[in-house]
Amino acid sequence: MSAPADPDAALMLRVKQGDTAAFAELVDKYKQPVMNVAYRMLRDTTEAEDLAQAVFVQVFKAADRYRVSSKFSTWLFTIVRNLCLNEIRRRSRHAADSMDAPHPEQEDQPLHQYEDKRTASPPERLLHGELKDKIEEALAELPENQRLAIVLCRQEELSYEEIAGVLGCSVSATKSLIHRGRETLKQKLKPYLQSGAWGGPQ
Amino acid sequence: MSNDPIYNHLRELSWRRKLTGAEETELRAWLVAHSEAQADWDAEAGLNAALGRLPDVPVPSNFTARVLQAAEREGAARLLRRGGKWRGWLRLRWLPKAALGAMLVGAGLLSYRQVQAAHHKRLVESVAAVSAVSSLPSPDILKDFDAVRVLNPTPAPDEQLLAVLQ
């Protein structure tokens, strides 16, 4: 058998043979993008962490059945998507149970604060913190498929074809989802975008 | 927003990644010729910058170790599930069935032997009965049997006399 062109698929084939080190390598490589996508879909760090762990366990469980039919990352993010959508559906069924869900009266308060490690003076940090929260909120308000398309689009490993594979739609439909999502974001963030506070045009 | 294919292509590239120097130059040149698209591009670029500044979500330092532990547990559970069926068959499940089967076979053998013994006993008795026949009178005494049989039958009983005698 010839070695797959995708190095991650080659690692996955080693996982299939029971190579735990190869699995650890895959987890190390993808834990950050998986966590980012999970958090932007669920907006809860603990749940995102649990979901990311479940994603990798699922990868491990499915190793026996793994076939190199597409890029590993496409397969991985398809699992992320499915688990995120399951969790969102579960939440909507048990909406009343969630104590962590954002409440309308708390919308002005950020749900989680992350330290921006980029060097900035205190007023700049405050401004960036506020802007970051605004964009997180605007993202969270997008329909799930638009949000996921935009978040995946920022994962540079994924081409439009691969994002389409994850979303289960055509490339043109994917671009349309991204476009519509971005238009909504531009509308919601117009004052901030015009101020050039995020560094302005590239 | 412009529907120009060059602009659309560059814009879609910018959604995914930072434009290269050459792409940037191409875009600048295009914007000089299409100044009406400048505002749209500024908004696109601003949003790209905003999305690009979103920080990575912190991942716990022991995340990989936790995943490996969970996967190990899952692997062990899977082995247990797979092997459980085989081991159950080997150790436990066949035992009552085999015991029942052995009991049935034993009972069958026992009844077969009893039937055989009874049959044997009857055979022995028959042989004994046949051997006893040798002590009977000789068949010579029956040599005139047919002649005697064709003689006139005995006279009918005298019923009047019998009645008087009673």
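Throughout, read-outs are computed from the coordinates displayed, never taken from laboratory work. Just so we're clear, the structure is a prediction, and the values are computed from it rather than from any experiment. Note that we place each Cβ from the backbone using ideal geometry, even for glycine, and neighbour counts take in every protein chain shown.
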All aspartates and glutamates inside 13 Å of A:Lys71 as judged from Cα atoms, apart from same-chain residues fewer than 8 positions distant: A:Asp6, A:Asp8, A:Glu157, A:Glu161, A:Glu162
Rounded to the nearest 10, the angle in degrees between the Cα long axis of helix B:38-52 and the longest principal axis of the Cα atoms of chain B comes to 50
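Report, in deg cm²/dmol and to the nearest 500, the calculated mean residue ellipticity at 222 nm for chain B, where each DSSP H run with n ≥ 4 adds -39500 (n - 2.57) and the sum is divided by the residue count.
After summing the helix terms and dividing by the residues of chain B, the value is -23500 deg cm²/dmol.
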Length gained, A:Glu183-A:Lys61, 0.36 nm per residue minus C-alpha separation, equals 40.0 nm
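Assuming a ≥ b ≥ c are the square roots of the Cα gyration tensor eigenvalues, decide whether region A:1-92 counts as rounded (a/c under 1.5), prolate (otherwise, with a/b larger than b/c) or oblate.
The shape class here is prolate.
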Does anyone have the angle between helix B:63-87 and the longest principal axis of chain B? Alpha-carbon axes, 0 to 90°, nearest 10? 20
If you take the square roots of the eigenvalues of the alpha-carbon gyration tensor of region B:95-141 and sort them as a ≥ b ≥ c, do you get rounded (a/c under 1.5), prolate (a/b over b/c) or oblate? prolate
Please give the length that would be gained between B:His9 and B:Ala70 if that part of the chain were fully extended, namely 0.36 nm times their separation in residues minus their C-alpha to C-alpha distance (nm, one decimal). 17.6 nm
Links that overshoot a 24 Å alpha carbon limit, given the list A:Lys31/A:Lys190; A:Lys31/A:Lys186; A:Lys190/B:Lys18; A:Lys29/B:Lys18; A:Lys29/A:Lys188; A:Lys29/A:Lys61: A:Lys31/A:Lys190; A:Lys31/A:Lys186; A:Lys29/A:Lys188
Provide the FRET efficiency to the nearest 0.05 for the B:Glu26-B:Ser61 pair, computing r from the beta carbons and using R0 = 56 Å. 0.85
Which of rounded, prolate or oblate describes region B:5-52 when judged by the alpha-carbon gyration tensor and an a/c cut-off of 1.5? oblate
On a full-extension model of 0.36 nm per residue, what is the gain between B:Val164 and B:Arg17, subtracting their alpha-carbon distance, rounded to one decimal in nm? 38.3 nm
To the nearest 0.05, the calculated FRET efficiency linking A:Asn86 and B:Ala118 through their beta-carbon distance, R0 being 41 Å, is 0.05
